[in-house]
Amino acid sequence: MSVLIKNGRVVTASDDFLADVFIQNEKITKVAENISLATTTVIDAANKLVIPGGIDVHTHIDMPYGDIKSTDDFETGTIAAAFGGTTTIIDFAVQSKGQSLFDALNIWKQKADGKAVIDYGFHIIITDANEKYLSELDKVVNEGVTSFKLFTAYPGRLMLNDSDIFRVMQQAKQNGALIMMHAENGYVIDKLIQQTLAEGKTEPIYHALTRPSALEGEATNRTIALAKVADVPVYIVHVTCNEAIDAIKQARMQGQKVFGETCPHYLLLSEDDLRRPNFEGAKYVLSPPLREKKHQQTLWDSLNDNVLQTIATDHCPFNFRQHKELGRYDFTKIPNGAPGIENRLHLSYEFGVNQKRFSLNRWVELVSTNPAKIFGMYPQKGEIAAGCDADIVIWNPNTAHTISAQTHHMRVDYNMFEGFKVTGNAETVIARGEVIVEKNKFLSKPGRGKFIKRNLFIKK
Ligand code: DUC
Ligand code: ZN
Ligand code: ZN
């Protein structure tokens, strides 16, 4: 099977040129002017951008949460991702306490197998740093799971103490894996929550008010200090605020290998959304919380200045009806998380590129190339060149649409960006050489996506 993309404007993290792209057997085989090879499928990309498929390195699909689970499974979630121009995701397998890392990984592999329509990898969330599981780390890395998320929040559930965090970092130092951190001070947050509920304050806004940005700054600083002593690189997930940015910037200026991610909701929404009437604020309950607007400019600047390197979604959808409503009388019972997998490229293109906050090349770098590089998939993914996987989005920069739950493909009953107007859309989406989305139609089948064995962050 072959595909020829004619007359497009090829935009990568580093280049911007007019060329044709030839695809054969899942790979890009040629990028050049005026290719005239025989093919079964020709796509005219005149006046459109030809970019590497988006890579979302932060999703929670089919994730158990108390008695419920996130509403997208690997079929619905990855179809929605594809409609938005994302052709690879990295989801989080969660280790329960007392569980082998391999068991956790296998559970998540089974969730994805036969369902995912785009390629996927896994990080593992380590919640039990018992030495017997740490010894598994090296073996899991050999299976292509080369990044591990830890938490400084949620004591008794997901949190590791500083000495366990340090032990995992030491193990990563030995095997070359990348440590990712959810950085918020869990002990202090839990105390604030206890005091706030005791005062009878139960509305969604208190989710944000009990998780102040200073506590994200503290935990980010602490994480960076521990990584420095362990001498490992560290990736801070979902960065939201000035205090965390200051910590990352300082460390990077001193030459420490610290990377950071933010998400569209921190760039475009704020604490004010949690104050929406009729309990609608619950739609915006996620962690770390949405912040005051004053943090947004810093986040945009950091994406431009390379203090932050990636935009991911933290896609973790729960329905407003029935799920979010569990917390109508107690904000701590509102399931934590929100949908976003479908709109990452739309929003970052509109508010980043169209509104001149960063360049077209930087956009590609933030949503595709850097995620591939940091998470061990480059140049297989995140690039347009001969030999790379043919994961390509033909982006129409002129298509305008209004984001809405009425038209999105995510299996959830609301969209945080309802009513946002964006220009730019993934018109044709090619995943390993197969056209899977064309003009708002999904053309493929569940189960075509493959597990990607990722390389180490540090080559051994
Ligand atoms: N952290 C995440 O990354 N996602 C959902 C909730 C959380 O605390
Ligand atoms: Zn997190
Ligand atoms: Zn997350």
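The values are calculated or read from the model by the stated rules, or taken from the named source; none is laboratory data. Since the model is a prediction, treat every value here as computed from it, not as a measurement. Virtual Cβ from ideal backbone geometry, glycine too; neighbours counted across all protein chains shown. With ligands, DNA and RNA removed, areas are computed over all heavy atoms of the protein, side chains included. Shrake-Rupley method; radii C 1.70, N 1.55, O 1.52, S 1.80 Å.
Under the criterion of Cα pairs below 8 Å and six or more residues apart, the relative contact order for segment 53-374 equals 18 percent.
Here the accessible area is traced with a 1.4 Å probe on the protein chains. For the chain, carbon and sulfur cover 48 percent of it. A simple rule links phi to the HN-Hα coupling: the Karplus curve 6.51 cos²θ - 1.76 cosθ + 1.60 with θ = phi - 60°, which for segment 426-441 gives 6, 7, 10, 10, 10, 10, 6, x, 9, 6, 9, 9, 9, 6, 6, 10 Hz, with x for Gly and Pro.
Restricting the trypsin sites (Lys or Arg not before Pro) of segment 108-204 to loop positions (DSSP other than H, G, I, E, B) with no more than 15 neighbouring Cβ atoms within 10 Å leaves R157, K201.
Highest average first, the peptides 23-29, 261-267 ordered by how many other beta carbon atoms sit within 10 Å of their residues are 261-267, 23-29.
The distance linking segment 418-435 with segment 337-355 is 11 Å (Cα centroid to Cα centroid, whole angstrom).
For the residue pairs K201/K294; K249/K373; K173/K294; K149/K191; K30/K381, the alpha carbons lie more than 27 Å apart in K173/K294. Near the amide H of V145, within less than 5 Å, lie the amide hydrogens of R454, all on another chain or at least 5 residues away, with H placed in the peptide plane. Close amide-amide hydrogen proximity is noted between G121 and I89, I90, D91, I452, each under 5 Å apart and 5 or more residues distant or on a separate chain (H modeled in the peptide plane; Pro and chain starts excluded).
Computed 3J(HN,Hα) for segment 28-36, one whole-Hz value per residue from the Karplus formula 6.51 cos²θ - 1.76 cosθ + 1.60 where θ = phi - 60°, is 6, 10, 7, 10, 6, 6, 6, 6, 10, glycine and proline marked x.
Computed over every Cα-Cα pair of segment 328-382 and binned at 10 Å starting from 0, the pair-distance distribution P(r) comes out as 22, 32, 26, 15, 5 percent. For segment 222-233, 3J(HN,Hα) computed residue by residue from phi via the Karplus equation (6.51, -1.76, 1.60; θ = phi - 60°) reads 5, 4, 5, 5, 5, 5, 5, 5, 6, 6, 10, x Hz, glycine and proline entered as x. From its DSSP helices (H runs of at least four residues, each -39,500 (n - 2.57)), the chain gives a residue-normalised ellipticity at 222 nm of -8000 deg cm²/dmol.
The Cα center of segment 248-305 and the Cα center of segment 167-192 differ in position by 19 Å. Using only Cα positions of segment 53-374, each an equal point scatterer, no hydration layer, compute I(q)/I(0) via Debye at q = 0.07, 0.09 Å⁻¹ and quote the log10 values to two decimals. At q = 0.07, 0.09 Å⁻¹ the computed log10 ratios are -0.25, -0.42. Rolling a 1.4 angstrom probe over the protein heavy atoms with all chains in place gives the chain an accessible area of 37 Å² per residue. In a DSSP loop and with at most 16 other Cβ atoms within 10 Å, the GluC sites (Glu not before Pro) in segment 83-183 are E143.
In this structure the amide hydrogen of D314, modeled in the peptide plane, comes within under 5 Å of the amide hydrogens of H58, none closer than 5 places in sequence on its chain. If one takes the longest principal axis of the Cα atoms in the chain, at what angle in degrees, from 0 to 90 and to the nearest 10, does the Cα axis of helix 101-112 lie? Relative to the chain, helix 101-112 is tipped by roughly 50 degrees.
Take 276-284, 222-230 and order them by the average number of nearby Cβ atoms within 10 Å per residue, most first; the result is 222-230, 276-284.
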